[in-house]
Amino acid sequence: MKLSIVKCLFATLLIACTISLKAQIPEGIPLLSGKVNALKYSSESKPSATVKQVAIKGQPFAQALQINSSGGAGSGGLYGNLNKKLRKGDVLWISFSARSLQSKRETGESFIELRVEQLVNGKYVWPPYLERGISFGNEWTETSIPFELEKDVAPEDIRVVIRFDHYPQQFELGPVTFINCGQNVSLADLPRTVVRYEGDQPDAPWRAEAEERIEKHRKGDLTIKVTDADGKPIPDATVTANLERIAFNWGTATSSERLLDTKSADSQIYRDTLSRYFNQAVFENEMKWKVWCHQSEAQKGFRTLEALRWLRNHNFSVRGHVMVWPSWQHSPQFLRELADNPDSLRQTIYNNIKDQTNIMYGQFNEWDVINEPYAHHDVIDILGKHEMVEWFKLARKGEPHARLFLNDYTMFHSEEASNSFFETARYLVNEGAPINGIGEQAHIGGTPPGIPLILKRLDKFATLGLPLIITEFDINSNDDDFKARYLGDFVTAVFSHPSTTGLLQWGFWEGQHWFPVAALWNKDWSIRPHGKVFTDLVTKKWHTNYTGTTSKTGECKVRGFCGKYRITVTYQGNTVTKDVQLDTNGTAITIIP
């Protein structure tokens with residue numbers, strides 16, 4: 001589509017917005033002139049996006065732009081020039097509606113980046129006046145954002161930009177309005193989008209039910225009895241019972257480079273933070289075949305093994321990710337060259353599984369054998385569905401100790417996508433594949449699945465009789481309030497479910513995260529609101545540190561979270577320390593100081 005056509009279409013939307021949404025718009029001065037251009041495409045001769053005007057029914061506006069973007073670098077967008085000078089302290093308000101028609105994102109949603117950019121001599125300079133990543137599903141979702149300007153700005157030094165995602169997607173964008181509400185308005189008084197989801201109410205029934213399940217499935221009774229050498233109870237002995245490692249995996253993605261870097265101050269803080277708040281790790285990229293195959297035979301896995309030693313020394317369990325990602329996109333280039341030779345294709349994949357399990361033998365507690373067959377199935381289309389069973393069998397032969405997983409991202413998506421994931425897992429079980437668990441990535445966008453749906457889907461997948469793990473959790477949103485609320489609710493729901501054994505986040509620090517906005521800590525290591533929610537849960541609410549004295553019968557009784565405890569007893573100057581494992585059936589230990 002030619003840029004001039006896009007100008008006219010978006011200008012039409014801006015004019016329509018002023019009319020049809022007038023009753024919903026705060027008082028103020030419209031700032032968009034209607035002279036709106038598309039951002040540059042990646043190629044003039046082969047644009048990466050098309051934009052057309054479409055009629056809309058059932059909304060306060062009659063027309064929208066339909067954008068079909070093929071994704072990739074430079075996938076383009078729309079920008080709008082402003083027509084008024086702005087002053088420091090002006091309160092601005094921007095609003096629009098959008099809905100997704102199709103998306104290749106793992107959340108199943110479309111995504112755009114909204115920026116109000118700062119310009120110098122017509123070129124964008126950081127930082128923007130406003131930057132917000134916005135996700136939306138297949139229902140019309142309104143976004144309204146108020147913000148305050150921090151300096152005087154000429155109209156030629158500011159613009160509105162809506163950039164398209166780097167994932168392929170098709171979506172519709174309703175009228176955009178951008179107004180200056182002046183300086184006598186409070187941000188709190190303006191309409192603001194609050195992300196809502198089913199189950200977010202403080203009195204939602206699932207909350208009390210989850211607490212009951214946590215009490216039942218995550219805690220046990222620890223009885224500590226202190227006696228003398230003849231078995232006579234000792235009262236008034238001081239007893240501490242500290243949970244050293246909870247019987248649930250709180251994990252994160254990491255890298256050998258970061259773990260082994262001894263020069264960077266950030267890397268030291270990174271390792272300290274990792275050790276304090278997590279007990280499981282997965283290497284984000286280095287075990288993926290496309291990365292693995294580029295290492296020399298002599299160096300293959302060397303750095304990873306070195307980093308694994310650090311993790312083991314710090315009492316981490318470790319996941320391997322991933323043996324087979326069955327698409328051309330996520331496999332080495334040479335694999336695609338075997339598309340017309342099924343026998344060679346099959347054997348090449350077998351050789352990679354043998355290579356990885358041989359070099360990394362005994363290193364991983366869990367290992368993803370197959371990743372994302374729902375969307376990435378080029379190889380399966382050629383070799384057949386049963387080949388997945390063979391991959392699991394070969395993985396088990398090469399690594400008899402690790403728990404083997406199927407990993408995908410659609411458990412909490414549409415019924416069709418979720419059912420496909422379920423049926424794949426059930427097929428593997430029924431066909432005798434040595435599968436030991438199911439991993440759901442749980443990448444969350446701006447229109448998240450409700451908590452009752454999360455629990456319902458966990459219930460369904462649990463019927464397969466396999467442990468469930470959240471393997472790559474993050475929330476791709478700039479809305480701090482939403483991230484804090486949803487992380488707390490999601491993690492609570494998952495922790496409460498009896499079939500789950502862990503939850504891994506796909507990174508935790510802004511300086512090393514594929515979606516920096518999702519990180520729990522900022523680049524300067526200040527903690528974000530949703531990071532504070534997470535750390536409070538895992539180090540306070542779901543943690544047990546007991547100090548007390550024995551009763552007349554020489555006993556202390558502790559209701560604590562299951563896991564490994566360090567028990568210390570002090571009596572008359574003598575101190576004895578022992579480790580004990582607590583499970584839901586309860587544990588009793590007798591200590592002689």
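Here are the numbers for this structure:
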item	result
Near pairs, Cβ below 6 angstrom, 6+ apart or cross-chain, from region 208-222 (under 16 Å from V494 (Cβ atoms)) to any residue that is of a type in the set (S, T, Y) and at pLDDT 95 or above	A210/T492; A210/S496; R213/S496; I214/S496
Single residue of region 242-271 satisfying the filter (of a type in the set (D, E) and touching a helix residue (DSSP H, G or I) at 6+ places or on another chain (Cβ under 8 Å)) that is nearest to F508 (Cα to Cα)	E257
Residue count for region 250-263, restricted to those that are among the charged types (D, E, K, R) and part of a helix (DSSP H, G or I)	2
Residues within region 179-205 that are surrounded by fewer than 15 Cβ atoms within 10 Å (Cβ to Cβ), out of contact with any Ser or Thr (no Cβ under 8 Å at 6 or more places or on another chain) and within 30 Å of P155 (Cβ to Cβ), tallied	6
Residue that is of a type in the set (S, T, Y) and without any contact (Cβ under 8 Å) to a residue 40 or more places away in the chain, where the choices are S526, S496, S551	S526
Members of region 524-533 that are within 18 Å of the chain's Cα centre (by Cα) and closer than 21 Å to S267 by Cα	I527, R528, G531, K532
Matching residues in region 188-234 - criterion: being of a type in the set (S, T, N, Q) and closer than 30 Å to T575 by Cβ	T223, T227
Residue match in region 129-138 (condition: free of Cβ contacts under 8 Å to residues at least 40 places away in the same chain and surrounded by fewer than 16 Cβ atoms within 10 Å (Cβ to Cβ))	no
Answer from N478, N522 - the residue that is surrounded by fewer than 24 Cβ atoms within 10 Å (Cβ to Cβ), more than 22 Å from R403 (Cα to Cα), at pLDDT below 95 and not basic (K, R)	N478
For Q169: the one exception among (1) at pLDDT below 90; (2) under 13 Å from G77 (Cβ atoms)	(1)
Conditions (1) outside any loop (DSSP other than H, G, I, E, B); (2) under 30 Å from the mean Cα position of the chain (by Cα); (3) at pLDDT 90 or above; number of the one not met by I179	(2)
Cross-chain or 6+ apart pairs with Cβ under 8 Å, region 442-471 first and free of Cβ contacts under 8 Å to residues at least 60 places away in the same chain, then among the charged types (D, E, K, R) and surrounded by fewer than 21 Cβ atoms within 10 Å (Cβ to Cβ)	L464/R426
Qualifying residue in region 535-556 (condition: in a strand (DSSP E or B), under 32 Å from the mean Cα position of the chain (by Cα) and charged (D, E, K, R))	no
Unmet requirement for R163, which otherwise passes all of (1) modelled with pLDDT under 90; (2) part of a loop (DSSP other than H, G, I, E, B)	(2)
Residue list for region 207-217, restricted to those being surrounded by fewer than 20 Cβ atoms within 10 Å (Cβ to Cβ) and either under 27 Å from the mean Cα position of the chain (by Cα) or on the phi > 0 side of the Ramachandran plot (or both)	R207, A208, E209, E211, E212, R213, I214, E215, H217
Inter-residue pairs, beta-carbon under 6 Å, first farther than 15 Å from G133 by Cα and in region 85-108, second charged (D, E, K, R) and assigned to a loop (DSSP other than H, G, I, E, B), 6+ apart	R87/D152; K88/K151; K88/D152; S103/E109
Count of region 93-128 residues which are closer than 22 Å to D408 by Cα, at pLDDT 90 or above, surrounded by fewer than 19 Cβ atoms within 10 Å (Cβ to Cβ) and not aliphatic (A, V, I, L, M)	1
Odd one out for F515, checked against (1) surrounded by 15 or more Cβ atoms within 10 Å (Cβ to Cβ); (2) modelled with pLDDT of 95 or more	(2)
First in region 351-366 and over 16 Å from E297 (Cβ atoms) and at pLDDT 95 or above, second anywhere and assigned to a helix (DSSP H, G or I) and among the hydroxyl-bearing types (S, T, Y), Cβ under 9 Å, 6 or more apart	Q363/T304
Enumerated helices (runs of 4 or more DSSP H) restricted to region 377-473, each holding at least 2 residues that are modelled with pLDDT under 95 and surrounded by fewer than 23 Cβ atoms within 10 Å (Cβ to Cβ)	415-430
Residues (within 15 Å of M388 (Cα to Cα) and either part of a loop (DSSP other than H, G, I, E, B) or touching an Asp or Glu at 6+ places or on another chain (Cβ under 7 Å) (or both)) located in region 349-370	W367
Subset of region 187-206 that is under 30 Å from I145 (Cα atoms) and not in a loop (DSSP other than H, G, I, E, B) - its residue that is modelled with the lowest pLDDT	A188
Residue within region 264-280 that is part of a strand (DSSP E or B) and either loosely packed, with under 13 Cβ neighbours inside 10 Å or touching a residue at least 12 places away in the same chain (Cβ under 8 Å) (or both) present	yes
Candidate set from region 57-75 (those that are under 23 Å from Y124 (Cα atoms) and crowded, with 20+ Cβ neighbours inside 10 Å); member that is modelled with the lowest pLDDT	S75
Selection within region 274-318 - under 22 Å from H543 (Cβ atoms) and among the charged types (D, E, K, R)	R276
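Per-residue answers, yes or no, for (1) in contact with a helix residue (DSSP H, G or I) (Cβ under 8 Å, 6 or more places away or on another chain); (2) within 15 Å of F364 (Cβ to Cβ); (3) modelled with pLDDT under 95:
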| position | (1), (2), (3) |
| --- | --- |
| Q299 | no, no, yes |
| L308 | no, yes, no |
| R312 | no, yes, no |
| N315 | no, no, no |
| R319 | no, yes, no |
| P326 | yes, no, no |
| P332 | yes, no, no |
| A339 | yes, no, no |
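The values are calculated or read from the model by the stated rules, or taken from the named source; none is laboratory data. Just so you know, these numbers come straight off a predicted model, no measurement behind them. Don't worry about glycine lacking a Cβ; one is built from the backbone with ideal geometry, like all the others, and counts go over all protein chains shown.
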